[in-house]
Amino acid sequence: MTPTARPSHSTFLALNRHRHHVRTWSGATDGPTLFLQHGWMDCSASFQFLVDALPSDWTVIAMDWRGFGESDWNVGGYYSPDYLADLDALLEHFSPHRPVWLAGHSMGGMVASLYAGVRPERVAKLASLEGFGLPATDPAEAPGRYARWLRETRDPPRFGALESVERLAERQIERNRHLTPERARHLAAALTVVENGALRYRADPRHKMVNPVLYRLEEAMACWRRIRAPVLWLIGGDSWDHPIAHGVMATLGERRACFARLAEVTIADAGHMLHIEQPEACARALVDFFSAAGS
């Protein structure tokens, strides 16, 4: 965090019968509230630099998804419908009678976009940061997926001890070349914890297990078509090299056509982690979108 970083406070809430860590950056009493959802293997603290660039009168609420950050782990694996129910419970807790401003990065953007189609009356505006869905799957993949899942259920993946926060920060920069050392170290520290004298990831390693349920693009598209809210896509200008990008970008036009009220902004000099690499540019795009009247 920088000396001018906005302070946040943490609460732990039982949402969907699961203990979640919720981080809040408080703004003005009569100011707007933005709900932010983080991506896979990430946590709410990674939004710090984005929040610092947003208007100070905005309240920003971000939870750690189950099995990430400081939220409790599952006993078994992790499945998309659980995230939908967790998000629904979060919004019911903080805004039971009013549709919300909702934004998510990567996996968080995918969950938020599905939710906006499943519960369109609950979302006033939606922004998805690099959360355009996964590559389409083939039913022929199912037998192999189930077999691998059975193996991993018997012997779940584990994380080994990490060398240091500094080394993890260096690896973050290797993967996200526009990260500054300060922001990379902030992210590395947020993603790790020291236990029994060893540094490890906070995330549950069972997130690394293969999902036995295939991603069905047609189902996601059916949800996107039901979205009534204006939608903003933020795209990293250098995100084409991300591992999942090749299977998504080839069908981006087909996915784009599902959204009735869609705007797009490309963030230059940013890859998949655009909210950390270029938080100021992301914040400007979000402010323009969410503050626009009559969308």
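The values are calculated or read from the model by the stated rules, or taken from the named source; none is laboratory data. It should be emphasised that the depicted structure is a prediction, and the values quoted were computed from it without experimental measurement. Here Cβ is always computed from backbone atoms with ideal geometry, including for glycine, and neighbour counts include all displayed protein chains.
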For the stretch 243-278, give me the residue count where each residue is of a type in the set (A, V, I, L, M), part of a helix (DSSP H, G or I) and modelled with pLDDT of 95 or more.
2
Any chance HIS97 is without any contact (Cβ under 8 Å) to a residue 12 or more places away in the chain and either crowded, with 17+ Cβ neighbours inside 10 Å or not polar (S, T, N, Q) (or both):
yes
Quick check: is even one residue across the stretch 98-114 more than 24 Å from ARG183 (Cβ to Cβ) and either assigned to a loop (DSSP other than H, G, I, E, B) or more than 17 Å from the chain's Cα centre (by Cα) (or both)?
yes
Please go through the stretch 89-145 and pick out each residue that is closer than 19 Å to VAL22 by Cβ and aliphatic (A, V, I, L, M).
ALA89, LEU90, LEU91, VAL100, LEU102, ALA103, MET107, VAL111, ALA112, VAL123
Pairing a residue in the stretch 56-69 that is in contact (Cβ under 8 Å) with a residue 60 or more places away in the chain with any residue that is outside any loop (DSSP other than H, G, I, E, B) and not acidic (Asp, Glu), where Cβ atoms lie under 8 Å and the two sit 6 or more apart in sequence or on different chains, gives GLY67/ARG206; GLY67/HIS207; PHE68/HIS207; GLY69/HIS21; GLY69/SER44; GLY69/ALA45; GLY69/ALA190
Members of the stretch 1-55 found to be among the basic types (Lys, Arg) and either in a helix (DSSP H, G or I) or over 23 Å from GLY131 (Cβ atoms) (or both), listed by number:
ARG6, ARG17, ARG19
Is it the case that ALA229 is assigned to a helix (DSSP H, G or I), touching a helix residue (DSSP H, G or I) at 6+ places or on another chain (Cβ under 9 Å) and either without any contact (Cβ under 8 Å) to a residue 60 or more places away in the chain or closer than 30 Å to ASP52 by Cβ (or both)?
no
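To keep it simple, each residue is scored yes or no on (1) under 25 Å from VAL287 (Cβ atoms); (2) within 15 Å of the chain's Cα centre (by Cα); (3) not in a helix (DSSP H, G or I).
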residue: GLY76; (1), (2), (3): no, no, yes
residue: LEU87; (1), (2), (3): yes, yes, no
residue: GLY133; (1), (2), (3): no, yes, yes
residue: THR137; (1), (2), (3): no, no, yes
residue: ARG151; (1), (2), (3): no, no, no
Subset tally (residues that are surrounded by 13 or more Cβ atoms within 10 Å (Cβ to Cβ) and in contact with a strand residue (DSSP E or B) (Cβ under 7 Å, 6 or more places away or on another chain)) for the stretch 160-175
3
Please determine whether any residue of the stretch 208-223 is of a type outside the set (D, E, K, R), surrounded by 15 or more Cβ atoms within 10 Å (Cβ to Cβ), touching a His at 6+ places or on another chain (Cβ under 8 Å) and not in a helix (DSSP H, G or I).
no
Where residues in the stretch 12-49 are among the hydrophobic types (A, V, I, L, M, F, W, C) and over 25 Å from HIS207 (Cβ atoms), which of them is surrounded by the fewest Cβ atoms within 10 Å (Cβ to Cβ)?
ALA28
Here are some residues: PRO143, PRO156, PRO81. Which one is surrounded by fewer than 16 Cβ atoms within 10 Å (Cβ to Cβ) and part of a loop (DSSP other than H, G, I, E, B)?
PRO156
